[in-house]
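A.B. asks: I'd like to ask you about the structure that follows.
The values are calculated or read from the model by the stated rules, or taken from the named source; none is laboratory data. Just so it is clear, the structure is predicted and the values come from calculations on it, not from any experiment. As a convention, Cβ positions derive from the backbone with ideal geometry for all residues, glycine included, and neighbour counts pool all protein chains shown.
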Amino acid sequence: MAADGTNSAPKKIFMWLNPRSISTAFEKCVSFMDGAQNWHEPYLTCLFNDLFEDEETFKTFPGMKVFAKQFHDAEKLVETGGHPYQGGNLRLSKDFNWDWVKEQLEGPLAEGKTFMFIKDAAFSIDGHYDKLPEVPSKHTFLLRHPHRTALSVRHVLSHLYEFPGKEEDFDIQSGHPFMQWEKLSRDPMYNLWNYVRENIDPNPVVIDADDLQNHPEQMLRKYCEAVGIPFKKKFLKWEKSDEYLRGFYGSLDQLVWGKNEGVYDSAMLSTCFRPPKGPIPEKAPDNCIAYVNEIMDGYNKMYETRIKPE
């Protein structure tokens, strides 16, 4: 607490992650906390806009045409009102650009809100650190073991790119633009963590998904303490419905796309953090190993700094 009795904790809290790290379930959990104003992946929306507006994207990565069509189908649903998120704070993707997002995240909290929680993929902001809000913020990072994320990424991407063969045969390195896109650095999550340590906060909060799933009360309590949110046991359970998304800020058509393609199903319909399914795989399949090798070293270094369960 500050000397005047007010809470001095930053009112803007970021959660950065690699894809498939149970972050959307965490985001849902936070949405049921008192005073939360949730922003869903605003920088990723800007990145998607850049990709879809650049003709070179589809020349270099023809598979992106399938991805883009899925977004176009979501846009058409939005235009006709054929989706469940009418009447909320969500906006069309076309309204998003880097400067606008920075301005929104630097702005005041919505009426009745006490903190802003921004969940986004670390690779989304890669090369755009100048678009981070220049206001007091707490940057936090959600890890998940690369062997777990690689298998989950392969499962989702083989569907999104309409891979004609077996899921086990889909190569996530050669089959997905983000894994080989020359504009992205190697291991954007680790690079962002280092940037935050060197320029914003020498001790950013790091938590691990397995710790969270195995020890939800301990880890959520410690996370809340680290970012200045008063912890309550009621945070450990939430409603199964996805109605909470009506109150989100972010891209309407991006969320509709995710719902259409089943990307967020397990998270959106979750009610609590459940234990992980089995132990961490000892090794990654051959068609995932290149991806794992890119992020494993950074994961290990960040893991050593994580908040640990008691």
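A.B. asks: On the basis of being more than 25 Å from residue 46 (Cα to Cα), in contact with a helix residue (DSSP H, G or I) (Cβ under 7 Å, 6 or more places away or on another chain), modelled with pLDDT of 90 or more and part of a loop (DSSP other than H, G, I, E, B), does residue 235 make the cut?
C.D. replies: On the way: more than 25 Å from residue 46 (Cα to Cα): yes; in contact with a helix residue (DSSP H, G or I) (Cβ under 7 Å, 6 or more places away or on another chain): yes; modelled with pLDDT of 90 or more: yes; part of a loop (DSSP other than H, G, I, E, B): no.
No: the conditions fail for residue 235.
A.B. asks: When you go through (1) in contact with a helix residue (DSSP H, G or I) (Cβ under 7 Å, 6 or more places away or on another chain); (2) modelled with pLDDT of 95 or more; (3) among the polar types (S, T, N, Q); (4) surrounded by fewer than 19 Cβ atoms within 10 Å (Cβ to Cβ) one by one for residue 218, which number turns out not to apply?
C.D. replies: Unmet condition: (1).
A.B. asks: Also: I need the full set of residues from the range 254-310 which are among the aromatic types (Phe, Trp, Tyr) and in contact with a strand residue (DSSP E or B) (Cβ under 7 Å, 6 or more places away or on another chain), in order please. So that I can check it myself, show each step before the final result.
C.D. replies: Initially, the range 254-310 is screened for residues among the aromatic types (Phe, Trp, Tyr), giving 257, 264, 273, 291, 299, 303.
Residues satisfying the conditions are 299, 303.
A.B. asks: State the number of residues belonging to the range 246-270 that are of a type in the set (A, V, I, L, M, F, W, C), within 18 Å of residue 162 (Cα to Cα) and either over 13 Å from the mean Cα position of the chain (by Cα) or buried (at least 21 other Cβ atoms within 10 Å of the Cβ) (or both).
C.D. replies: Here is the first cut: in the range 246-270, the ones of a type in the set (A, V, I, L, M, F, W, C) are 248, 252, 255-257, 263, 267-269.
Retained after the next criterion (residues that are within 18 Å of residue 162 (Cα to Cα)): 257, 263.
Those still in the list that are either over 13 Å from the mean Cα position of the chain (by Cα) or buried (at least 21 other Cβ atoms within 10 Å of the Cβ) (or both) too: 257.
The total comes to 1.
A.B. asks: When the range 79-95 is examined, which residues are found to be in contact with a Phe, Trp or Tyr (Cβ under 9 Å, 6 or more places away or on another chain), hydroxyl-bearing (Ser, Thr, Tyr) and either within 24 Å of residue 53 (Cα to Cα) or loosely packed, with under 14 Cβ neighbours inside 10 Å (or both)?
C.D. replies: Applying the first criterion (in contact with a Phe, Trp or Tyr (Cβ under 9 Å, 6 or more places away or on another chain)) to the range 79-95 yields 85, 88-91, 93.
Keeping just the survivors that are hydroxyl-bearing (Ser, Thr, Tyr) gives 85, 93.
Hit for the range 79-95 is 93, nothing else.
A.B. asks: State which residue is modelled with the highest pLDDT when the search covers only the range 67-99 and only residues that are in a loop (DSSP other than H, G, I, E, B) and either in contact with a Pro (Cβ under 8 Å, 6 or more places away or on another chain) or within 16 Å of residue 40 (Cβ to Cβ) (or both). If you could, list the steps in order and put the result at the bottom.
C.D. replies: Applying the first criterion (in a loop (DSSP other than H, G, I, E, B)) to the range 67-99 yields 81-90, 92, 96-97.
Filter again for either in contact with a Pro (Cβ under 8 Å, 6 or more places away or on another chain) or within 16 Å of residue 40 (Cβ to Cβ) (or both), leaving 83-85, 88-90, 92, 96.
Values: 83: 78, 84: 77, 85: 82, 88: 80, 89: 90, 90: 93, 92: 92, 96: 97.
Here the answer is 96.
A.B. asks: State whether the residues of the range 42-59 include one that is surrounded by fewer than 16 Cβ atoms within 10 Å (Cβ to Cβ) and in contact (Cβ under 8 Å) with a residue 60 or more places away in the chain.
C.D. replies: The answer is no, given that none of the residues of the range 42-59 is surrounded by fewer than 16 Cβ atoms within 10 Å (Cβ to Cβ) and in contact (Cβ under 8 Å) with a residue 60 or more places away in the chain.
A.B. asks: Here's something else I'd like to know. Among the residues of the range 141-163, count how many are part of a helix (DSSP H, G or I) and surrounded by fewer than 24 Cβ atoms within 10 Å (Cβ to Cβ). Give the steps one after another, and end with the answer.
C.D. replies: Here is the first cut: in the range 141-163, the ones part of a helix (DSSP H, G or I) are 146-160.
Retained after the next criterion (residues that are surrounded by fewer than 24 Cβ atoms within 10 Å (Cβ to Cβ)): 147-148, 151-153, 155-160.
Matching residues across the range 141-163 total 11.
A.B. asks: Take residue 290 and decide whether it is surrounded by fewer than 21 Cβ atoms within 10 Å (Cβ to Cβ) and under 29 Å from residue 113 (Cα atoms). Break it down into steps so the answer makes sense when it comes.
C.D. replies: Values: surrounded by fewer than 21 Cβ atoms within 10 Å (Cβ to Cβ): yes; under 29 Å from residue 113 (Cα atoms): no.
Spelling it out, it is not the case that residue 290 is surrounded by fewer than 21 Cβ atoms within 10 Å (Cβ to Cβ) and under 29 Å from residue 113 (Cα atoms).
A.B. asks: Please state which one of 79, 41 is on the phi < 0 side of the Ramachandran plot and either under 19 Å from the mean Cα position of the chain (by Cα) or acidic (Asp, Glu) (or both). Working first, answer last.
C.D. replies: On the way: 41 fails: on the phi < 0 side of the Ramachandran plot.
It is 79.
A.B. asks: Within the range 131-175, which residues are under 22 Å from residue 226 (Cα atoms) and either in contact with a Pro (Cβ under 7 Å, 6 or more places away or on another chain) or modelled with pLDDT under 85 (or both)?
C.D. replies: 136, 137, 138, 139, 140, 141
A.B. asks: Can you find a residue that is touching a Ser or Thr at 6+ places or on another chain (Cβ under 9 Å) and among the polar types (S, T, N, Q) anywhere in the range 267-283?
C.D. replies: Of the range 267-283, the ones touching a Ser or Thr at 6+ places or on another chain (Cβ under 9 Å) are 267-270.
Now drop any that are not among the polar types (S, T, N, Q), which leaves 270.
Yes, the range 267-283 has at least one match.
A.B. asks: Continuing with this model, one more query. Would you confirm whether any residue within the range 194-214 is part of a helix (DSSP H, G or I) and touching an Asp or Glu at 6+ places or on another chain (Cβ under 6 Å)?
C.D. replies: Within the range 194-214, not a single residue is part of a helix (DSSP H, G or I) and touching an Asp or Glu at 6+ places or on another chain (Cβ under 6 Å).
A.B. asks: Do you know which residues across the range 16-66 are closer than 25 Å to residue 187 by Cα, part of a loop (DSSP other than H, G, I, E, B) and either out of contact with any Lys or Arg (no Cβ under 9 Å at 6 or more places or on another chain) or not hydroxyl-bearing (Ser, Thr, Tyr) (or both)?
C.D. replies: Answer for the range 16-66, where residues must be closer than 25 Å to residue 187 by Cα, part of a loop (DSSP other than H, G, I, E, B) and either out of contact with any Lys or Arg (no Cβ under 9 Å at 6 or more places or on another chain) or not hydroxyl-bearing (Ser, Thr, Tyr) (or both): 18, 19, 20, 22, 41, 54, 61, 62, 63.
A.B. asks: Oh, and also: Which of the residues spanning the range 238-271 are polar (S, T, N, Q) and either in a loop (DSSP other than H, G, I, E, B) or without any contact (Cβ under 8 Å) to a residue 12 or more places away in the chain (or both)?
C.D. replies: So the first thing to find is which residues in the range 238-271 are polar (S, T, N, Q), and the list is 241, 251, 254, 260, 266, 270-271.
Hits for the range 238-271 are 241, 270, 271.
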